[in-house]
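Asks: The structure that follows is given in the form of structure tokens.
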Amino acid sequence: MITQVKSPILEIHDLTVSYDQSPVLWNVDLSLPSGKLIGILGPNGAGKSTLIKAIMGLVDPSGGYVKLFDKTLEEVRSRISYVPQRESVDWNFPASVLDVVMMGTYGKLGLFKRPGKKEKELSMESLEKVGMHGFANRQISELSGGQQQRVFIARSLAQNADLYLMDEPFAGVDMATETAIFELLQEMTAAGKTVIVVHHDIYSAVNYFDWFIMLNLHLVASGPKETVMTEDLLRKTYGGKLNLLTKVSDLIRQKEFNPLKN
Amino acid sequence: MEDFLYFFTFQDPSIVFVVIGIILLGVGSAYVGTYSFLDKKALLGDAISHAILPGICLGFMLAGEKNPLFIVSGAFISGALATFLSSWLNKNTRLSEDAIIASILSIFFGFGIVLLTIIQKSGNPEMAGLNQFIFGNAIAIQESDLYIYGGLAVFIILCLTIFQKEFSLLVFNPDYGRAIGFPMGMIRVIFNILMILSVVIGIQAIGVVLMAALLITPGAAARFWTDRLGVLVILAGVFSAVSGVLGTYISFVIPQMPTGPWVVVFLSILALISFLFAPKKGVLSRYISRRIYLKKTHRDHLLKLLYKGIEADKSGLPIEEIYEAFPFQKKQSEQSIKNLAKDNFITQNQSFIELSISGKSEAKRIVRLHRLWELYLNEYMNIAPDHVHDTAEKLEHILTPEMEELLESRLNFPKLDPHQENIPRDHDEL
């Protein structure tokens with residue numbers, strides 16, 4: 001059940017990604033409309049984060065390509081913002097909340113130049129949007145998990161992009177914060193931005209997202225909520241991995257080289 | 001004493017040169033090292049410093065003398081080769097990083113020692129100073145060396161200052177850096193070059209074996225004192241410069257005494273002081289705050305005991321009964337009674353202890369927190385009433401007024417805890 005759209009904001013063509021030779025994503029082929037809040041669903045190890053990393057060029061695909069705004073990533077990088085997983089960094093790094101949010105302005109600032117007054121103001125505004133402006137001078141090591149997530153979201157807001165890719169921004173976040181962040185994301189999509197979110201909780205997902213991508217090593221579904229939120233597709237997504245697919249993965253891993261590589 | 005005055009009044013221009021050199025080199029390597037310490041790549045510095053020995057020897061062989069330009073270039077090239085090899089092996093083999101670093105270190109260093117022995121056998125009269133590169137001798141730094149070593153140190157410090165935001169990104173979140181289009185691979189290469197250079201400039205003064213200590217120890221010691229990157233870097237630089245100058249002084253007073261080991265001794269002393277006495281993170285400060293906390297919990301428990309006395313219709317308790325309630329803790333009990341009396345929480349009439357008005361209010365607060373938490377565990381987490389006491393006994397001391405408010409509203413201002421005991425409010429009559 002894969003709905004393709006005309007003039008997509010993001011087009012993924014036959015994307016295959018492998019880590020250490022084992023394929024973790026098989027032939028993902030989809031296109032996404034703009035101005036929507038899009039959720040990526042799937043069980044642990046389904047390749048959700050890998051899909052986002054492949055879109056951002058952080059992992060090399062062994063086949064296929066990604067196009068954003070009908071262009072290559074390099075041409076439109078400044079219009080895309082990425083929120084990595086909270087656990088991917090060491091929060092003991094000696095920096096203040098404002099220091100981290102200011103990193104969102106680095107892309108436009110370029111190399112060498114130091115952030116000035118304008119960048120600081122922009123960062124403070126972003127912090128205000130996530131309700132963290134009172135924490136600007138706090139050390140990041142003193143934050144709770146939910147606060148860390150909000151700092152990462154503020155950093156991506158400071159980039160002022162058109163397309164946002166967020167990797168598990170709701171992991172370790174309490175209910176009140178989750179609702180507040182979802183409301184913020186809905187405001188953003190109402191203003192014409194596109195937000196793609198890796199999410200683990202189907203129950204809250206149904207309430208908030210307009211469009212779903214369902215993954216389980218391969219693409220199970222991609223389409224508007226009404227068409228893909230079916231018992232059958234959910235069972236295909238969460239009901240265990242395809243037996244044959246895991247066997248082929250094992251077969252490939254035992255080879256001395258990666259046969260999927262171009 | 002005479003030596004001390006002579007050295008530290010800087011009358012001798014050659015001492016001035018040496019001191020300037022050692023300060024620059026100390027600050028430069030501490031600056032680079034702090035980043036690599038934060039990046040958890042401390043071992044790489046050790047591998048590089050050992051790996052430059054063959055380069056030094058080859059440089060010497062080619063020049064036929066201790067020409068600083070040849071030696072620095074040789075050292076740089078073999079350091080770069082070691083760094084490149086370790087990242088290539090990491091990418092293209094399944095060897096773990098620690099195995100790679102350990103092999104690179106020993107292979108390069110072993111080869112260097114072989115070359116050093118060959119040079120010593122060759123009978124070249126210039127070779128006398130070459131041994132200094134193992135453990136370092138700052139006093140032997142000459143004016144012409146200073147321009148090269150000092151110049152490189154200044155270059156390192158400038159580079160790190162200019163690229164501060166790029167290097168912070170490299171350490172904190174390189175993936176994000178790549179996502180916003182920064183050439184993180186290139187930035188990593190520049191950082192590695194600075195790291196090799198900082199090792200290279202230290203070979204004359206500190207020596208290859210101990211250079212890693214000058215890279216990592218200052219940052220590690222400074223980390224105990226601060227959570228701010230700017231302060232951290234400056235403090236690391238100061239630690240490094242102070243140890244460098246003191247180590248040089250020892251080499252000056254005792255001729256033939258290598259500088260490197262003494263610098264490391266002073267650095268270690270600074271690191272030990274930081275570990276023990278730094279505020280907040282130091283061992284002593286953590287011990288003291290734990291002691292203060294334990295004292296407070298004892299006081300809280302004593303107040304609770306008196307409160308429970310009131311619940312059982314005893315207006316107060318004889319002091320002996322309090323001592324009995326806390327067996328083997330008579331000293332602490334005496335101390336707590338003294339403190340509570342000083343704060344006007346209790347009154348002591350001969351040996352009879354009673355709660356004052358403010359004491360009653362404080363005791364009610366502690367009992368309230370205890371019982372609210374018990375009720376929360378029971379109602380929201382489905383924990384049986386006979387299993388809730390222990391955590392409540394610990395949490396009653398740390399729950400904040402905000403948490404208390406939250407608990408009250410979540411539980412809808414309850415009257416009774418899971419043991420059917422009254423949850424006291426401030427306005428309740430006692």
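The values are calculated or read from the model by the stated rules, or taken from the named source; none is laboratory data. Computed from a predicted model, the values in this text were never measured in an experiment. Using ideal geometry, Cβ is built from the backbone for each residue, glycine included, and neighbour counts are taken over all protein chains shown. These area figures cover heavy atoms from the full protein model, side chains too; ligands, DNA and RNA do not enter into them. Shrake-Rupley method; radii C 1.70, N 1.55, O 1.52, S 1.80 Å.
Asks: Excluding same-chain residues fewer than 8 positions from A:Lys53, which aspartates and glutamates have a Cα within less than 14 Å of its Cα?
Replies: Straight-line reach from A:Lys53, under 14 Å: A:Asp167, A:Glu168, B:Asp175.
Asks: Any idea which of A:Ala205, B:Ile357, B:Ile118 is furthest toward the positive side of the dipole for the protein assembly as shown, if Lys and Arg beta-carbons carry +1 and Asp and Glu beta-carbons -1?
Replies: With unit charges placed on the Cβ atoms, the residue in question is B:Ile118.
Asks: Further question: Could you state how much accessible area is buried at the A-B interface, both sides summed, with a 1.4 Å probe, in Å² to the nearest 100? Don't skip to the end; give the middle numbers.
Replies: Numbers: alone 13060 and 22440 Å², together 32850 Å².
Protein heavy atoms only, the A-B interface buries about 2700 Å².
Asks: Right, next: Let me know the number of lysine pairs in the stretch B:12-278 closer than 25 Å at the Cα, not counting same-chain pairs under 8 apart.
Replies: Values: B:Lys40/B:Lys91; B:Lys40/B:Lys165; B:Lys41/B:Lys91; B:Lys41/B:Lys165; B:Lys66/B:Lys121.
Here the count comes out as 5.
Asks: Another question, if that's okay. If I fit a long axis through the Cα atoms of helix B:211-222 and take the longest principal axis of the Cα atoms of chain B, what angle between them do I get, 0 to 90°, rounded to 10?
Replies: The two axes meet at around 20 degrees.
Asks: At a Förster radius of 56 Å, what calculated FRET efficiency corresponds to the Cβ-Cβ distance of A:Ser7 and B:Tyr380, to the nearest 0.05?
Replies: Numbers: r = 50 Å, r/R0 = 0.89.
That gives a FRET efficiency of 0.65.
Asks: Taking the Cα-to-Cβ direction at B:Tyr147 and at A:Ser22 and moving 7 Å from each Cα, how far apart do the two end points lie in nm?
Replies: 6.0
Asks: Where nothing but the Cβ of Lys and Arg (+1) and of Asp and Glu (-1) is charged, how large is the charge dipole of the stretch B:64-222 around its Cα centre, in debye to the nearest 20? Before the final figure, lay out the partial values.
Replies: Details: 7 positive and 8 negative charges, 73 e Å.
The calculation lands at about 360 debye.
Asks: Between B:His389 and B:Glu324, what is the label-to-label distance in nm when each label sits 7 Å out along the Cα-to-Cβ direction?
Replies: With each label placed 7 Å out from Cα toward Cβ, I get 1.9 nm.
Asks: Here is a further query. Using only the Cα atoms of the stretch A:56-153, build the gyration tensor, take square roots of its eigenvalues as a ≥ b ≥ c, and label the shape rounded, prolate or oblate: rounded if a/c is under 1.5, else prolate if a/b is larger than b/c, else oblate.
Replies: Values: a/c = 2.23, a/b = 1.56, b/c = 1.43.
Prolate, since a/c reaches 1.5 and a/b exceeds b/c.
Asks: Where the only charges are on Cβ atoms (+1 Lys, Arg; -1 Asp, Glu), what is the dipole of the protein assembly as shown about its Cα centre, to the nearest 20 debye? Mind dumping the intermediate values first?
Replies: On the way: 63 positive and 69 negative charges, 204 e Å.
About 980 debye.
Asks: Could you point to the residue in B:Ile337, A:Ile196, B:Ser96 farthest towards the positive end of the protein assembly as shown's charge dipole, with +1 and -1 charges on the Cβ of Lys/Arg and Asp/Glu respectively?
Replies: B:Ser96
Asks: Could I ask something else about it? In the stretch A:50-69, which residues have a backbone nitrogen under 14 Å from the label point lying 7 Å from A:Asp14's Cα in the Cα-to-Cβ direction?
Replies: Under cut-off, by backbone N: A:62-66.
Asks: Here's another thing I want to ask about it. If packing is taken as the average count of other Cβ atoms within 10 Å, what order do B:34-42, B:124-132 fall into, highest mean first?
Replies: On the way: B:34-42: 20.8, B:124-132: 13.9.
Per-residue mean Cβ counts within 10 Å order the peptides as B:34-42, B:124-132.
Asks: Send over a whole-number figure in Å² for the accessible area per residue of the stretch B:12-278, probe 1.4 Å.
Replies: Details: 10610 Å² over 267 residues.
Roughly 40 Å² per residue, with all protein chains present.
Asks: Something else: Rank-order B:232-239, A:249-256 by packing density, defined as the average count of other C-beta atoms within 10 Å over each peptide's residues, highest first.
Replies: Ranked from most to least packed, the peptides come out as B:232-239, A:249-256.
Asks: Starting from the 7 Å offset along Cα-to-Cβ, what nm value, one decimal, do you get for the label separation of B:Glu334 and B:Val189?
Replies: My value for the distance between the label points is 7.4 nm.
Asks: Can you list residues whose amide H is under 5 Å from A:Val197's amide H, if they're 5+ apart or on another chain and H is modeled 1.01 Å from N?
Replies: HN-HN under 5 Å from A:Val197: A:Ile38, A:Gly39, A:Ile40, A:Met166.
Asks: Also, quick follow-up: So, for the stretch A:97-184, what is the accessible surface per residue at a probe of 1.4 Å, expressed in square angstrom? Mind dumping the intermediate values first?
Replies: Values: 3630 Å² over 88 residues.
Normalised by residue count, the accessible surface of the stretch A:97-184 is 41 Å².
Asks: Round to the nearest 0.05 the FRET efficiency obtained for B:Leu158 and B:Val16 when R0 = 25 Å and r is the Cβ-Cβ distance.
Replies: On the way: r = 22 Å, r/R0 = 0.89.
Between B:Leu158 and B:Val16 the formula returns 0.65.
Asks: Taking accessible area as the heavy-atom solvent-accessible surface of the protein chains with a 1.4 Å probe, which residues of the stretch A:65-79 lose no less than 20 Å² upon going from the isolated chain to the full protein assembly?
Replies: Buried on complex formation: A:Arg77.
Asks: Contour minus end-to-end for B:Ile254 and B:Ala102, with contour as 0.36 nm per residue of separation and end-to-end as the Cα-Cα distance?
Replies: Numbers: separation 152, 0.36 × 152 = 54.72 nm, distance 3.44 nm.
In short, 51.3 nm is gained.
Asks: For B:Ala363, what charge total do you get from the other residues with a beta carbon under 12 Å from its beta carbon, if Lys and Arg give +1 and Asp and Glu give -1?
Replies: Charge balance near B:Ala363 sits at 0.
Asks: Moving on. Just to make sure I understand: if all protein chains stay in place, what is the order of B:Ser168, B:Ser122 by accessible area at 1.4 Å, largest first? Write down the numbers at each step before the final one.
Replies: Details: B:Ser168 15, B:Ser122 80 Å².
The ranking, largest first, comes out as B:Ser122, B:Ser168.
Asks: Charges only on Cβ, +1 for Lys and Arg, -1 for Asp and Glu: so what's the dipole of the stretch B:156-286 about the Cα centre, in debye to the nearest 20?
Replies: Working: 8 positive and 3 negative charges, 64 e Å.
The dipole magnitude comes to about 300 debye.
Asks: Ignoring ligands, DNA and RNA, what percent of the 1.4 Å accessible area of the stretch B:282-430 is carbon and sulfur? List each step's numbers first, then the result.
Replies: Numbers: 4900 of 9150 Å².
Within the stretch B:282-430, the accessible surface is 54 percent carbon and sulfur.
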